[in-house]
Amino acid sequence: SEGVPGADIYRRLCAQYAESVLSRRSVYEWIEKFKESRRSVSHEEGARRPSTSMADDNIERSCEMIQSNRRVTV
């Protein structure tokens with residue numbers, strides 16, 4: 001038994017999350033990941049690019065931008 005078809009999973013997610021739902025493609029990608037023995041949706045250590053939002057130089061540049069123009073929104 002393969003379990004619940006992808007179309008049904010996507011339909012249920014749409015009913016639950018409306019406009020905040022994952023794309024159909026993302027749903028099918030996650031289905032494939034779980035078929036390949038993935039057990040969790042939490043972030044895998046070392047996966048993808050490292051976060052740069054907390055890098056010191058980016059924080060400094062953001063502060064400078066806000067100081068130079070107080071109408072900038074974050």
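The values are calculated or read from the model by the stated rules, or taken from the named source; none is laboratory data. Keep in mind the model is a prediction, meaning the values are calculated, not measured. Here the Cβ positions follow ideal geometry from the backbone for every residue, glycine too, while neighbour counts run over all protein chains shown. With ligands, DNA and RNA removed, areas are computed over all heavy atoms of the protein, side chains included. Shrake-Rupley method; radii C 1.70, N 1.55, O 1.52, S 1.80 Å.
Out of all the residues in region 21-55, which are open to solvent by 100 Å² or more (accessible area, probe 1.4 Å) and at pLDDT 80 or above? Across region 21-55, the qualifying residues are ARG24, ARG25, LYS35, GLU36.
If you go through region 56-74, how many residues are surrounded by 11 or more Cβ atoms within 10 Å (Cβ to Cβ) and charged (D, E, K, R)?
Residues of region 56-74 that are surrounded by 11 or more Cβ atoms within 10 Å (Cβ to Cβ), as a first pass: 58-59, 61-62, 65-66.
Retained after the next criterion (residues that are charged (D, E, K, R)): 61.
Residues that pass the stated criteria total 1.
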